[in-house]
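One structure is given below, encoded as C-alpha cells.
What follows is calculated from the coordinates using simple rules that are stated; it is not laboratory data. Small disclaimer: the values here were computed from a predicted structure and weren't measured. We place every Cβ from the backbone using ideal geometry, glycine too, and count neighbours over all the protein chains shown.
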Amino acid sequence: MKRRKFVATLMVGIMACSVLTACGNSSSQNQDSQKTSGQTSSQTSSGEADKQSDSNTEAPGGVQELSVTTWDNESSPQFQAIIDAYEEKNQDVKIKIIDTSADEYNNSLGISLSAAQPDPDVIWVKDMGSMLQMADKEQLLPIDEFISRDNLDLSIYKGAAEQLMYNGKSYALPYRNDWYILYYNKDLFDAAGVEYPSNDMTWGEYYELAAKMTSGEGSSKVYGSHNHTWQALVTNWAVQDGENTVVEKDYSFMKSWYEEGLALQDNGYIQDYSTLKTANIHYSSVFKNQQCAMMPMGTWFIATMMQSQEEGETDFNWGIATIPHPENTEAGYTVGALTPIAISAYTDQKDLAWDFVKFASSEEAAEILAKQGVFTGIPSDTAFQTIASAERFPEGESNIEALNYTHYSFDRPLDPKIEEIRTVLNEVHEMIMIHSYSVDEGIQELTERVAEIKGW
Amino acid sequence: MSNGKTSFLTSEQKRKIRNNITGYAFILPNLIGYTIFVFIPVIFSFVLSVMSWDGSKRPMQFVGLANFVEIFGDKVFRGTLSHTITYALMTVLPTLVLALLLAVLLNNKLKGVAIFRTAFYFPYIASIVAVGAVWNMLFQPDYGPVNEILKWIGIDNPPRWVVDKNWAMVAVSIVSIWKYMGYYMIVYLAALQGISNSLYEAASIDGANGWQKLWHITVPMLTPTTFFVMIMLTIQCFKVFDLVYIMTGGGPGNATKTLVNYIYEKAFTSWEFGPASAGAIVLFAIVLVITLIQFSGEKKWFKDL
C-alpha cells in the first residue's frame, strides 16, 4: 500500500519533471537552430558559433553577447558585413543574430517586444511605420542622451536623422537609404536599336518608351517595362512631386496615376497584375530573365544585380537611369525610404547596444556597405564613387549620374497609423489593378476608409 | 502516510484518494499544457476584449463594450462575418455529400480499395501550405490547367478564380472540399461498418435496388454521423484561416477575408488587441452555439438508437 502510494507520487513527480524538461529541451533546440542559421548565413563567423551556444548573455572571459534582429540575412550582405566588421573590431563582443523572413519580420518582432525580454538588444527597423508603432508603444529606447553625451554629429546624415525623430525624440539612426531609380536591359535596347532611357524623362516619355520596347508574343514576349505588385509602384509617382502623401483626406490626386498604370497593363506593355499575383512572381526573376526592358525599382536592387552578375547567374548588360519625373517637376525628384537602426527599450546592455548602433551608422560602416553596393544614411560623393567603381557596377558616366537626386519624398509619411493605412492601400490597389473596382470607386473607398482610421 | 492507524480516514476513503491521485497523475501532463497554452489565454482574451491594449508595457485600460461597438461598426468586420458564413454555406454541404458517396463506394469489396481509400485520404494529411500553393497554380487564370480544361469544354470566359472578387471564395471552398472530404469519408466508413447487413438482405428480398437501399437504409442509419460531421465541418469553416492566408491572403481587396484573418490583422498589424479579442469572442460565441446544438442533438440521436 505504502509502495503504491509512493509509486503514484513518484509518477506525478516524474511527469511534472518531464513536462519541465521537455520545455527546457525545446528552448535549447531553438537556440541551436538560431545558432545554425547564424552559421549558414556567415562564413566568417562559423567558428565562433560554438562559443555562442554556451554563453547566454555573458560568457566566461568577459565576452559580452549582443543580440540583433535581421530579416532575410542570407540573401543580402547588408547586415552580415556590418556584424562581421564590428566583431572584428571588438573581439570581446559576440553578436547573436535573430533572423526572420522579411514577410514575418514586423509581426515576430512586435510579439517578442511585447514580452519585454532583454533580447533583442539592437533592432534593424524594416519600415519606418513599424518604428513609429514601436516608439508609440515605448518599446524603443530614446537615444538623445547618447547623442549629446557622445557629441555625435548628425549633420553627416544630411537631415535624415532629424526626419526619423518622432514627437521631438530620436529613437533611431539612419542605417540604409534607398530610393527609386529605373533599371534597364542594355542588350534589349541595343537589339531594338532604341536609345537608352535618359536621366531626364517624364513619365509620359517613359510610357512611350515602354510601348516601343514591347515585342514578341506568348512565352517569348518581352515587355517594355515591369511593375511589381506593390501599391508603391503606382502611388509613389503620385507623391513624387512632394505635394501629397499617401495619407490624405482626398485621394483624387491618384486618379491619373492609376489610369496610366492600368493603361500600361491593359496595353500589354507590362505584365498583368493578376498573373504576377497568382504565380507569385518576384520582380528580380523578371528582370534577370530578360523578360522586361525596363523596371522601376529601389536602389537595393543594385546590390542584387551585382551579386547575380558576379555569381554568373545572369550575363547581360544592364544600366540605371534616374526615375522618370512628373510633368510638373524637373528631373531628380525621387521617392524613397530609410532603414533605421534602433535599440530596444528592454535591453540590459544599453551602452553596448548604443556602441553597435553608432558603429552601424558611422562613416566607416558606410564605406564597408558601399563596397557591397549598399547605400547608407550618409550620402557622400565618396560613397557614390565607391559604389560606382565596384567591379560589377554598370559602366558609363550616365549610370553614376543616375544616382543623384535633387528632391526626396518618403514613400509613406511618418504617421503612427501608417501600417493600418497600408493594408487599405494594398487592398484597394489590388481591386483596381484586377478591374474589380473602377479607379473612381477605388479612390472613394480609400478616402472613406482612411478617414475612418484617422478619425476624420 | 505510515501512521495509518491514527488516521481519520477509513481504508475505503484512502483507496479512493489513492485512485484519484493515480488518475490525476495520468492527466497531469496534458492538463498542465492545456492550462498554460489554452485555458489561461482563453480567459485572458475575455479580459482583453473589454480592454484597450497595444501590446506594450503600458497598463491596459478598461473600455467596457467599446471594442464590440467598434468592430460591429466596422464595415470590414461585417464583411468578414458574411464572407465566413458564405464560405461555410459553400463548403459544408458538398464536403458532406461527397464524403458520404465516397464512403459508400469504397465500402464495397473492390480490388485495390485500400489504394483508393489512401488516395482520397491523402489530401487531408498533406501540408496546407503546399496544397494552397499548388492549387493556386492550377487556378492560374491565364494558363492554369483548370481554366484550360474549362476553355476546352467550351467555356469562353472562365472565372479568374483567386483574382476575381466573386470567384475567389469559391476557389478556396473547392480546395477545402477536396482536402477534407477524405477525412470525413473515413468517419463515414467507420459508421458504415456499424450498419447491420441483415437490413440490406431484407431489402434485397423485397426487391429494392441500390439507390433505394442507399436512400432508405444507409442514409437514415447514418443520421447521427451526418449530424456529427455537419457540426464539425461548420465549426471548422468558421475557424478557417490558413487556407485563405496561403491562397488569397484575404484578397482580392478583402473579398475573402474571414473572421480569423480579421482577428489576426487587428492583433498583429494594427496591434489593437482589444478589438481583436472582441472579434475572437464573437467567434467563440458562434462556435459555442453550434456546439450546444450538437450536444442537444447528440442526446436526441443516441436516445433514438
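Observations, loosely collected:
- Formal net charge of residues neighbouring A:ASP99 (Cβ-Cβ distance under 9 Å; K, R +1; D, E -1): -2
- Sequence of A:GLU313, A:GLU248 once ranked by neighbouring C-beta atoms within 10 Å, starting from the fewest: A:GLU313, A:GLU248
- Chain A: angle of helix A:255-266 to the longest principal axis, Cα-based, in degrees nearest 10: 80
- Two numbers describe the Cα atoms of the protein assembly as shown: Rg and Dmax, which are 31.1, 107 Å.
- Sorted largest first, the spans of the alpha carbon positions of the range A:54-169 along the three principal axes are 41, 35, 29 Å.
- Whole-Å distance, taken between Cα centres, linking the range A:261-334 and the range B:48-111: 39
- With 10 Å bins from 0: P(r) over chain B, alpha-carbon pairs, percent: 5, 18, 24, 23, 16, 9, 4, 1, 0, 0
- Karplus-based coupling profile of the range A:344-354, in residue order and whole Hz: 5, 5, 9, 4, 9, 9, 3, 5, 5, 4, 4, with θ = phi - 60° in 6.51 cos²θ - 1.76 cosθ + 1.60 and x standing for Gly or Pro.
- Annotation: average projected area of chain A is 28.3 square nanometres, based on the convex hull of Cα atoms across all directions.
- Ignoring lysines fewer than eight residues from A:LYS255 along the same chain, the ones with Cα atoms less than 30 angstrom from its Cα are A:LYS126, A:LYS212, A:LYS221, A:LYS277, A:LYS417, A:LYS454, B:LYS75, B:LYS165, B:LYS257, B:LYS266.
- Pairs of Cα atoms nearer than 8 Å and 6+ residues apart set the relative contact order; for chain A it is 22 percent.
- Note on the range B:47-114: the C-alpha convex hull projects to 8.7 nm² when averaged across all orientations.
- Range of Cα positions in the range A:160-298 per principal axis (Å), largest first: 55, 33, 33
- Residues whose placed amide H lies under 5 Å from that of A:HIS325, excluding near-sequence neighbours: A:MET201, A:THR202, A:TRP203
- The label point for B:ILE115 and the one for A:GLU313, both projected 7 Å from the Cα toward the Cβ, are 4.2 nm apart.
- Cβ-Cβ FRET estimate between B:SER204 and B:ILE85, R0 fixed at 56 Å, reported to 0.05: 0.85
- Kirkwood Rh (inverse of mean 1/r, distinct Cα pairs), the range A:93-160, angstrom: 14.0
- Rel. contact order, % - alpha carbon contacts under 8 angstrom, at least six apart, chain B: 27
- The listed peptides A:113-121, A:448-456, ordered by packing as a protection proxy, come out as A:113-121, A:448-456 (highest mean of other Cβ atoms within 10 Å first).
- Helical segments meeting 30 Å axial Cα length and Kyte-Doolittle -0.5 threshold in chain B (DSSP H): B:11-34, B:75-105, B:168-193, B:273-304
- Diffusion coefficient, µm² s⁻¹, Stokes-Einstein with Kirkwood Rh over alpha-carbon pairs of the range B:38-191 at 4 °C and 1.567 mPa s: 67
- Take each residue of peptide A:423-431, count the partner chain Cβ atoms within 10 Å of its Cβ, and average: the result is 5.
- The calculated FRET efficiency for A:SER438 paired with B:ASP156, based on their beta-carbon distance and R0 = 35 Å, is about 0.90.
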